[in-house]
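Please treat every number below as a calculation from the coordinates, not as lab data. Computed from a predicted model, the values in this text were never measured in an experiment. Cβ placement follows ideal geometry from the backbone for every residue including glycine, while neighbour counts extend to all protein chains displayed.
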Amino acid sequence: MSLIIGRGHRVAWIVDLTGDSQVSTLKNRAEVPAADTWDLTPIFPDDVAWEAEFSDLASRYEEINAFKGTLTKSAKDLATALEFESSLDRSSERLNQYAGLRLSEDSSNDDALDRDGRLASLCAKISETSSWIAPEIQEIPDAMFEEFLADPLLADWQITLQNLRRLKPHILSNKEERLISLSMPSLGGHHETFSQLTNVDMTFGMVRDERGQEIELTQSSFSSLLQRPDRTVRKEAFQKFYTEFTAHRYSLASSLSSSIKGDVFLAKARHYSSAREASLFADNVPVAVYDSLIEAVRSRLPVLHKYYGLRQRLFNLPDLHVYDTYAPLVSAVQSDVPFDQAIDMVVKSLQPLGSEYTETLSRGLRQERWCDRYENKGKRSGAFSYGTYQAPPYILMNYKQDVFSDIYTLAHEAGHSMHTWYSRSTQSFQNYHYPIFLAEVASTFNEILLTEHLLSETKDRSMRAYLINRQIDDLRGTLFRQTMFAEFEKITHAAEESGAALTLESFRRMYRSLLDTYFGNGVVIDEELELECLRIPHFYSAFYVYKYATGISAAITLADQFLKSGNSERYFGFLKSGSSKFPIETLEEAGVDMRSPEPVNAALNLFERRVAELEELLAVPSKTN
């Protein structure tokens, strides 16, 4: 599922169909109409109920110790212990979902921070107390373990136990596992530091727009401002944004360094050859898949550079800066799309998937209030879907109706949420939580269907150019950009593992090299952009971003198969799979072989085709020497 992305607060700029503008000062959370917020009562009716569940969990988790020494006795004893641990997990999941969503509403809210902090402390204690379970299961002799697996009492636990057994070389002794559990809050402290610094402490000032109206620059409004047609606005937003990051560059570099050091420490402690291998091991994804992704994308960078050249010619700029690469090429088709209309557009685009899918999604977004719609003071930026086994798959949005890409964001997060809905409806609790590798397939699949639907509804050249450009930029951001990020994570972790120092300057140097390679000679790389590596939230939870690139490659292949055949059976099999198989196997059953380069090449081929289509639609003459 999508990681939570941080952000501060303040002013939203809205463009309506007449071209008039207005400034809307962000509301405090208490001022937001209930209809625009998510309904968390299916998790807990109120904070008091959360506290009661929290107290219950705190009072009973130590009972897990009563099972110590029994797991090797019989299948019945093992099943009983696993069921009790599962009851703790269900309670913890429910508490975490509510606390996490409440904190996302306003990351400066003291009650939410206190609730989240107490829960983190309790979960650490539970992890420490139950850390003996995995080592004790690993002690079961092989012959006895096979007998246990054959017992009907453990039928629902076969996948869990087999996956755990696979981890045997990386499970430590009871005492060592306890130490690892005790260290986790400290090892993860960098994430909270980064979140508080970027969401709460940082302020970016004001930016004057094309009409002379001052707009408060925030982490959320930054992306909107970079899409403005006026280059002066884009440049000012870029420079002011990175001025604030420059002021905190040493703190952020220290936080990122700590994150990488923590990854390497845990990998070494568990006897992995590298932090990257440790991260990929859980999903049984070969390191070769990661490396071949980078190799394939690097081999096709010339077509990306060609696209940047097209942008420069169309904008008639003497030079192209990175802040020029986000503005829509066909601004004439921009319009004001209210949130309810965005729901209509997304649901209609997904009709080929059938009534159960679309009616469930529509009901969830409207009557059941799965979605928290708009930005408010202190709310986290970006978007995410947070689904659990016992409650709705909620969506956080910071929807802006003048940002057309937010419709795609809604489709994307709806893909995550419906993936969760189908998975939990089909699988047991222990098997419903699909890996992130698969999550990015379902979300991107929805975006592809949205694009195909919108293209089918118009013959207008400008609109088609806009939609094609939108898909090009999505592929650029998801396939090329995330691969660049994946390469940065690879080289920074390798640097730490080789004993090199991770400093502000080394981060800047490594990132600058990648910027030069991926943007090419035709784009000016402003020095401030070297600090981008310090502000990407995913870098503080490493080896996640490559899944965006592999995900869009798999999604393009699946969508192509579905749209050509009209048969959704294999796709719904994928949605319902949960973690019942490793992700590579699940995709293979759905018709996508990620061990081969074909899906990545299919995505790269689509990018190249779309660039050619856009060039033809816009009839931009090639640059002559």
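Kirkwood-type hydrodynamic radius, segment 34-187: 17.4 Å, calculated from all non-identical alpha-carbon pairs.
Apply the a/c threshold of 1.5 to the C-alpha gyration tensor of segment 207-319 and tell me whether it is rounded, prolate or oblate. Oblate, because a/c is 1.5 or more while a/b does not exceed b/c.
Shape summary: segment 307-393 maps onto an equivalent ellipsoid whose semi-axes, from the alpha-carbon gyration tensor, are 36, 18, 13 Å in decreasing order. When Val32, Val592, Val303 are arranged by Cβ crowding within 10 Å, least crowded first, meaning fewest neighbours, the order is Val303, Val32, Val592. Inverting the mean 1/r over all pairs of different Cα atoms, compute the Kirkwood radius of the chain and quote it in Å. Hydrodynamic radius (Kirkwood, Cα pairs) of the chain is 25.8 Å. The phi-based Karplus calculation (6.51 cos²θ - 1.76 cosθ + 1.60; θ = phi - 60°) puts the 3J(HN,Hα) values of segment 457-474 at 8, 9, 10, 5, 4, 5, 5, 4, 4, 4, 5, 5, 4, 4, 5, 4, 5, 5 Hz, whole numbers, x for Gly and Pro. Remark: the chain carries a charge dipole of roughly 1200 debye about the Cα centre, counting +1 on each Lys and Arg Cβ and -1 on each Asp and Glu Cβ. Once the Cβ-Cβ distance of Arg231 and Glu613 is raised to the sixth power relative to R0 = 30 Å, the FRET efficiency obtained is 0.70. Applying a DSSP loop filter and a limit of 15 other Cβ atoms within 10 Å to the GluC sites (Glu not before Pro) in segment 149-219 leaves Glu210. Normalised by residue count, segment 159-230 yields a Cα convex hull volume of 158 Å³ per residue. Taking 0.36 nm per residue of separation and subtracting the current Cα-Cα distance, fully stretching the chain between Glu359 and Ser108 would add 86.8 nm.
Taking amide hydrogens as placed 1.01 Å from N in the peptide plane, the amide H of Arg208 sits under 5 Å from those of Ile215, each at least 5 positions away in sequence or on another chain. Straightening the chain between Asp47 and Thr458 buys 143.1 nm, computed as 0.36 nm per residue apart minus the Cα-Cα spacing. Which residue, Ala52, Tyr290, Ala559, has the largest displacement toward the positive end of the dipole of the chain when charges sit on each Cβ (Lys, Arg +1; Asp, Glu -1)? Highest projection toward the positive end goes to Tyr290. Note that segment 293-445, at 20 °C in a medium of 1.002 mPa s, gets a Stokes-Einstein diffusion coefficient of 120 µm²/s from its Kirkwood radius over C-alpha pairs. Computed extension length for Asp56-Glu585: 186.5 nm, one decimal, from 0.36 nm per residue of separation with the Cα-Cα distance subtracted.
Asp336 to Arg313: FRET efficiency via 1/(1 + (r/R0)^6), r the Cβ-Cβ distance, R0 35 Å, to the nearest 0.05? That gives a FRET efficiency of 0.75. What does the net charge come to around Gly205 if you take all other residues with beta carbon closer than 10 Å to its beta carbon, with K and R at +1 and D and E at -1? After counting each charged neighbour, the total is -3.
The modelled label-to-label distance for the pair Asp89/Ser506, using points 7 Å beyond Cα in the direction of Cβ, is 3.8 nm. A simple spin-label model places pseudo-atoms 7 Å from Cα toward Cβ; at Arg570 and Lys175 they are separated by 5.3 nm.
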